[in-house]
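S.K.: Let me begin by handing over the structure; questions about it come next.
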Amino acid sequence: MNKEVFIGPISINTKGVGFFDREPEKKDRENSVEIQPENINRAFHGDIVEIELTGEKIKNREQGKVIKIITRARDEFVGTVSRTVLDTGEEKVFVVPDDKRLYVDIFLSAIHQSVGEVSEDDKVLVKIKKWDTLEGEVIKVIGKAGENNTEMEAIVLEKGFRIEFPAEVEREAEKIRGAYKATATTEIAKRRDMRNVTTMTIDPFDAKDFDDAISFVDLGNNTFEIGVHIADVSYFVTPNTPLDHESEKRGLSVYLVDRTIPMLPEILSNDLCSLNANEDKFTFSAVFKMDNQGKVLDEWFGRTVIHSDKRFTYEEANDVIIGKQTGPHKIELLKLNEIAKKLQKANSINGAVNFEKDEVKFELDSAGKPLRVYKKSRLDTHKLVEEFMLLANRAVAKFIFMSQNKNLMGKGKQSVYRIHAKPDKERIENLVTFLKALGFNLKNKEGAVMSKDINTLLKEVEGTPNEELIKTATIRSMAKAAYSTKNIGHFGLAFTYYTHFTSPIRRYPDLIVHRFLERELKGGKIEQNEYEKFERICLASSELEKKASDAERASIKYKQVEYMQDHIGKEFDGTITGVVEWGIYIEEKETKCEGMIKLRDLGNDFYTLDEKNYTIKGEKTGKKFTLGDTVRFKVVSADLEKRVLDYALV
């Protein structure tokens, strides 16, 4: 009898067990096919494989077997060198992968690397040359394991990002700088000159590049001209150049705890394109005529030249608004803040979901060691900038869509949109069950939910001990925002049209949108054969965004564990954020450092998991530990290599 065969990506856990989703869109691990280690057939996490069902079941889960590997997800891995001397006296050198889902070590043969070039505990980037014997070649020695620079660079390389720019790209950047100096005056004459308009940037205190600036003019009669000015990267980075290809490969800038891996060379990101104060800068602008209520009366899009009068940090601008300090542009900041609040209120009424969550920040010493971990406050100035960026993104998306649909062949889909699909009904039903266990309700109809109802829930949980937990669970139940050539709207923001236009220094899709906007303004046509190219860019950019997010989280987790190494034995307050068969996860209240208490360490009782009620319960004592409970705990151990924290109940 023919066995059922399926093709798709395989997921592998740290125990070497594989999982294959026959219906990946459902993201239902419970009903996926399980593949035991002996049936993995050298497949690794993310590989595209062909599997067949064996006809067996283990604990009611269907079993499968990898019969063919179609495509490897990657061939480069980061790991630590381990040298072993056999009884025969022969020395073997291996690389122990950082990614524990790679369940075997990589053998370094003398053919593929000079053994003398690497030492025990070196962190290296290795490329697999022979898959059948898992032999690899060292292509970069990163540094000694455990050192800050080594570990941060290893995180970036492990996720597949480049650090250094190719020499030809650096040379091109230098040529662009030379050409700019020679042609700047001629180019300025072609642009709308807004250098005499009051303009400012508002950014984090440690920002090194400035994507956006906001200008303000009081037109009288309670009307205002507000300009959103974005670095005109598309002027400097032209299609089909080495610089353009490198930017597309990188996709975006990667932000770790202590460094940024930029999408563009520093000549561009920190100099030519960056909207530094007191310098003439080329921008692509969305300029709005607005009334006192935030209603847009008129809009204009085009290339401009600006001269930023002031570089504010979020904190400085906020202090001016609340009167804590005197400073320039107070009148402009107060009015911008007033209009931003009205925009925010209107968006909320329309159904925009308010997913504000605490962000973790670190204070590091000169060696990168964390001295303090704290939650970053959301200020009015964060929301001010955010609202005007949302306005520009939405307006540009709508302009491009409407302009293209005036043409023949309905070309509205020929752009890059930022989309957010409606939540999967099954995942919402699971969220509803979870919320009921915590005493809350989410209005829905058979898993269909309105964004307004999610907002109602989030307002209800504000200020409760479970606020952060419920926000996290709700976010996880949502679809992920992505890039697409098909405009389906943005559920979370409740926008019919939305794109990313405001950060071309650090996001490649924004650069593409600038090119689309320029073409529309000039009345140019988009060729039908370009569709596949832009769809490919959207898919790649969405995937790169996930990897960058993983890298950011990995760097945060590393620094949290490193911080807790100096707090072994100390007590903290925390919240139970997860209950599983083997223990309970607890997040520390202030630093958000998450660790685990194993069931066997909970005391003299036999504890079991009550999945429906998200509770661990003791059989003899009846003692319960439920998701969302506040507990007192102490730090038992902090394993920096595995990036895990062990806690004990106080």
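Please treat every number below as a calculation from the coordinates, not as lab data. Nothing here was measured: the structure is a model prediction, and the numbers come from that model. Methodologically, a virtual Cβ is constructed for each residue, glycine included, from the backbone with ideal geometry; neighbour enumeration extends over all protein chains shown.
S.K.: How about the stretch 568-610: which trypsin sites (Lys or Arg not before Pro) there are in a DSSP loop, with at most 14 other Cβ atoms within 10 Å of their Cβ?
M.R.: Taking the stretch 568-610 and a limit of 14 other Cβ atoms within 10 Å, the loop trypsin sites (Lys or Arg not before Pro) found are K570.
S.K.: Quick one: Cα centre-to-centre distance for the stretch 48-63 and the stretch 577-610, in angstrom?
M.R.: 31 Å
S.K.: Another question, then. Size of the dipole of the chain about the Cα centre, Lys and Arg at +1 and Asp and Glu at -1 on the beta carbon, nothing else charged, in debye to 20?
M.R.: My answer is approximately 1960 debye.
S.K.: Taking the Cα-to-Cβ direction at K546 and at E56 and moving 7 Å from each Cα, how far apart do the two end points lie in nm?
M.R.: 3.0 nm
S.K.: Which whole-angstrom value gives the distance between the alpha carbon centres of the stretch 186-218 and the stretch 460-497?
M.R.: Result: 31 Å between the Cα centres.
S.K.: A further question follows. Structure shown: which of K361/K436; K289/K345; K175/K547; K140/K546 lie over 22 Å apart, alpha-carbon to alpha-carbon?
M.R.: Working: K361/K436 32 Å; K289/K345 19 Å; K175/K547 32 Å; K140/K546 24 Å.
Correct reply: K361/K436; K175/K547; K140/K546.
S.K.: Now for a separate question. DSSP loop (so not H, G, I, E, B), at most 15 other Cβ within 10 Å: list which trypsin sites (Lys or Arg not before Pro) in the stretch 425-517 pass both filters.
M.R.: K443, K480, K486
S.K.: I want to check the label-to-label distance for V96 and R259. Put each point 7 Å from Cα in the C-beta direction and report it in nm to one decimal.
M.R.: With each label point 7 Å from Cα toward Cβ, the separation is 2.4 nm.
S.K.: Any idea what the relative contact order of the chain is, in percent, if you count C-alpha pairs under 8 Å spaced at least 6 apart?
M.R.: Relative contact order here is 10 percent.
S.K.: Of K422/K471; K59/K471; K589/K642, which pairs sit farther than 24 Å apart, going by alpha carbon to alpha carbon?
M.R.: Long pairs (Cα-Cα over 24 Å): K59/K471.
S.K.: Here is a further query. The list [x] 27.0; [y] 30.0; [z] 35.2 gives values of mean projected area of the Cα convex hull in nm², and only one came from this structure; which label was calculated from it?
M.R.: [z]
S.K.: How much length would be gained if the chain were fully extended between K480 and A367, taking 0.36 nm per residue of separation minus their Cα-Cα distance, in nm to one decimal? Write out the running numbers ahead of the final one.
M.R.: On the way: separation 113, 0.36 × 113 = 40.68 nm, distance 3.57 nm.
Here the answer is 37.1 nm.
S.K.: So what's the angle, to the nearest 10 degrees on a 0 to 90 scale, between helix 167-188 and the longest Cα principal axis of the chain?
M.R.: Rounded to the nearest ten degrees, it is 20.
S.K.: Within 10 Å of each candidate Cβ there may be at most 15 other Cβ atoms; applying that plus a DSSP loop requirement, which GluC sites (Glu not before Pro) in the stretch 543-650 survive? Kindly include the intermediate steps, with their values, before the conclusion.
M.R.: Working: sites: E543, E545, E552, E562, E571, E581, E587, E588, E590, E594, E611, E619, E641; in loops: E581, E590, E619, E641.
The qualifying sites are E581, E590, E619, E641.
S.K.: Roughly speaking, what is the stretch gain from D605 to K335, that is 0.36 nm per residue apart minus the C-alpha to C-alpha distance, in nm to one decimal?
M.R.: Details: separation 270, 0.36 × 270 = 97.20 nm, distance 6.18 nm.
Here the segment from D605 to K335 would lengthen by 91.0 nm.
S.K.: Could you work out how far the C-alpha centroid of the stretch 347-400 sits from that of the stretch 223-270, in angstrom?
M.R.: Here the answer is 19 Å between Cα centres.
S.K.: Pairing the Cα long axis of helix 330-349 with the longest principal axis of the chain, what angle in degrees results, from 0 to 90 and rounded to the nearest 10?
M.R.: Taking Cα atoms only, the helix is inclined about 60 degrees.
S.K.: Let me ask another. 7 Å from Cα along Cα→Cβ at both E446 and E120: what's the point-to-point distance in nm?
M.R.: 6.5 nm
S.K.: How much length, in nm to one decimal, is gained on full extension between R42 and D639, taken as 0.36 nm per residue of separation minus their Cα-Cα distance?
M.R.: Gain in length upon complete extension: 212.1 nm.
S.K.: Compute the helix-to-body angle for 508-521: its Cα long axis versus the longest principal axis of the chain, expressed 0 to 90° and rounded to tens.
M.R.: 30 degrees
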